[in-house]
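Student: Here it is, the structure, as structure tokens.
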Amino acid sequence: MRRVVVLGGGHSKFCFNSPKTSVEMLSEVAMDAIRESSLEARDIQAINVGNVLGDFAEGQGMVQSFFANDIGCFNVPATRFEGACASGSIALRDAFIWVASGYYDIVLVGGVERATAMGTALATRTFAMFGDSRYEFPTGFTFPAAFGLLAHLYAHRYRIPLERLKEQMAAVSVQSHEYAMKNPHAQIHKQLSKEEVLKSFMVTTPIQLHDACPFSDGAAAVVLASEEVAKKLTNQPVYISGIGQTSSGKLSSQYQYLPRLRARELAAEQAYRMAGLTPQDIDVCELHDCFSIAAIIAAEGLGLFEFGTAGEAWERGETRLGGKIPINMSGGLKAKGHPIGATGVSQAYELTRQLRGQLVEQGRQVDEAKHALMDTLGGDGVLVSIIFSAA
Amino acid sequence: MEYKVIFKDYNKALKRNKLLGLKCNDCGTVTCPPMMVCQECAGTNQEVVELSGKGQVLTFTTSYLNSEGRENELPITIVMVQLDEGPWIMGNLDDVDPKRVNMKLIGKRVGLGHRVFPGDRYSAGEAARPVFSYIEQIENV
Ligand SMILES: [Zn+2]
């Protein structure tokens, strides 16, 4: 297997009500990624794209072929990946495998979503399609509801009074808003206080509006290349050193293991083993904080904190810049935004920049970061862990 | 290989307040909602069983947000129940004001009823869902 490098990247500003179509958003970031890689569109041998709801949002399926044509990647094989909120991540992992295997030398990975075009009611309906449609959706089950169920189960399992857990959850959201202020691509640039979180609209108990990420529009892209090709193009290679992907079934079928997500733990294990690293080696992490409680559950599942303790870690500042393990220095899904097809690619873009030391001016650079971990959760059932290394 | 219980049959039974599951003849695990295989050992040596529909609440959420076309159901309490036979199943909770449920709900004994979600434009038809209500402890002692 060959070593694979992340070359250039492109990232749109995440936003509400994008004036641009999915094809336009994706084309712009893809061109940025190709240019930053010192390549031309004709150098791209294959394209992988994460996009989930283009069909519902714009009546546009198969966005991958139309955007490939728009940027001059004429007749290049382009494939769409669907794994709900982890779509961009499975597109990235698959591209890694193609390059590592030797079949392609240069693959473009993109992700795009324009969810806000649907409006909240239809967006909520379509997002609920990533739970079980026959046995669980009929109860009124939605994604916020999944994490409402997990939050109460978490409080009960680890014997944390709900009021305490709510404060810990608020600390997660407050921190994300703070770092998003420093990220020019973030959807939300607004300080948030613990009091504001706890006073916000109740979505589904105990999840309040500010425990939840927004609906978002946006796109991101990166170029992957073999080490041999990359050496001619960059003197700051960032390697993909470990990958993991797993799946799981409907929430009730994960039964005794909950509120832990077994599939995440297995995906992370794959990535750590492949990279020859442990959680202690990770310098910076972008994880899937679609809800504040989801961030707490993720940090534990990735082995960054003991089970039942991640909320306290956020409160103590261990997840901040300079803390034990800086998490979501981008502002996370909560405040950077969560255009679901693009999210995994955005995480990769972000961590690549962390490992190259390019975020100093933005005031959110983790000093001398060598290894970075990304974690993405798609619906009930797609978990991806990818580790990036600076050498 | 065919399913022993497909959704159509599960749904038909639930509409008569009967809950169908699958008991594994190899490891004894009961799987519900039904799958192709045993949810523990992945074996296919299973028989169809009717479950008691009784169990205890493990967790809950009261939703104030719902999908297009279902706003009239709000607020609604969703529960995860561990059935006496072992499996976990998602349903709703009756007889309680959704706005008043709290952590004390966890551990409460409940029994099965049902209500039919008539379906929407994406759901390919109706679906009965379990609706639980409190039962007296004494029933099971
Ligand atoms: Zn079995």
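The values are calculated or read from the model by the stated rules, or taken from the named source; none is laboratory data. Note that the coordinates shown come from a computational prediction; the quantities given were computed from them, not determined experimentally. All Cβ positions, even for glycine, are placed from backbone atoms using ideal geometry, and neighbour counts span all protein chains on display. To get the accessible areas, we keep the full protein, side chains included, count just its heavy atoms, and leave off ligands, DNA and RNA. Shrake-Rupley method; radii C 1.70, N 1.55, O 1.52, S 1.80 Å.
Student: Of the conditions (1) at pLDDT below 95; (2) more than 8 Å from chain A (Cβ to nearest Cβ), B:GLU73 clears all except one; give me its number.
Tutor: With respect to (1) at pLDDT below 95; (2) more than 8 Å from chain A (Cβ to nearest Cβ), B:GLU73 is out only on (2).
Student: Over 25 Å from B:PRO98 (Cα atoms), open to solvent by 70 Å² or more (accessible area, probe 1.4 Å) and more than 16 Å from the ligand (Cβ to nearest atom) - does that describe any residue in segment B:41-60?
Tutor: Checked against the condition, which is being over 25 Å from B:PRO98 (Cα atoms), open to solvent by 70 Å² or more (accessible area, probe 1.4 Å) and more than 16 Å from the ligand (Cβ to nearest atom), segment B:41-60 yields at least one hit.
Student: Same structure, new question: Do any helices (runs of 4 or more DSSP H) lying entirely in segment A:246-346 carry at least 3 residues that are touching a residue at least 24 places away in the same chain (Cβ under 8 Å) and under 15 Å from the mean Cα position of the chain (by Cα), and which ones are they?
Tutor: It comes to A:262-275, A:292-301.
Student: I'm trying to understand the selection: among the residues of segment B:27-40, which are in contact with a Pro (Cβ under 9 Å, 6 or more places away or on another chain) and either within 8 Å of the ligand (Cβ to nearest atom) or of a type outside the set (A, V, I, L, M, F, W, C) (or both)?
Tutor: Within segment B:27-40, B:THR29, B:THR31, B:PRO33, B:GLN39 meet the criteria.
Student: How many residues does segment B:76-91 hold that are more than 8 Å from chain A (Cβ to nearest Cβ) and assigned to a loop (DSSP other than H, G, I, E, B)?
Tutor: 3
Student: Something else about it: Only one of B:VAL141, B:VAL49 is more than 8 Å from chain A (Cβ to nearest Cβ) and modelled with pLDDT under 95. Can you tell me which?
Tutor: Result: B:VAL141 is the single residue among B:VAL141, B:VAL49 that is more than 8 Å from chain A (Cβ to nearest Cβ) and modelled with pLDDT under 95.
Student: Using the structure shown, decide if A:LEU198 is under 19 Å from A:GLY148 (Cα atoms) and more than 22 Å from the chain's Cα centre (by Cα).
Tutor: Spelling it out, A:LEU198 is indeed under 19 Å from A:GLY148 (Cα atoms) and more than 22 Å from the chain's Cα centre (by Cα).
Student: For residues that are surrounded by fewer than 24 Cβ atoms within 10 Å (Cβ to Cβ) and away from chain B (no Cβ under 14 Å), scanning just segment A:158-176, find the one that is farthest from A:ARG353 (Cα to Cα). Give the derivation first.
Tutor: Just the residues of segment A:158-176 that are surrounded by fewer than 24 Cβ atoms within 10 Å (Cβ to Cβ), to begin with: A:158-168, A:171, A:174.
Those left that are additionally away from chain B (no Cβ under 14 Å): A:167-168, A:171, A:174.
On the way: A:GLU167: 32, A:GLN168: 29, A:ALA171: 26, A:VAL174: 23 Å.
Filtering first and then ranking leaves A:GLU167.
Student: Follow-up. So which residues in segment A:112-157 are open to solvent by 30 Å² or more (accessible area, probe 1.4 Å), under 12 Å from A:ASP380 (Cβ atoms) and of a type in the set (Gly, Ala, Ser)?
Tutor: A:SER133
Student: Here's a follow-up. If you take the residues in segment B:3-26 that are within 16 Å of the ligand (Cβ to nearest atom) and not in a loop (DSSP other than H, G, I, E, B), which one is surrounded by the most Cβ atoms within 10 Å (Cβ to Cβ)?
Tutor: B:LEU22
Student: Can I ask one more? Looking only at segment A:79-102, which residues are open to solvent by 10 Å² or more (accessible area, probe 1.4 Å) and out of contact with any helix residue (DSSP H, G or I) (no Cβ under 9 Å at 6 or more places or on another chain)?
Tutor: Kept after step one, since they are open to solvent by 10 Å² or more (accessible area, probe 1.4 Å), are these residues of segment A:79-102: A:79-82, A:85, A:90, A:93-94, A:97-98, A:101-102.
Across segment A:79-102, the qualifying residues are A:ASP94, A:ILE97, A:TRP98, A:SER101, A:GLY102.
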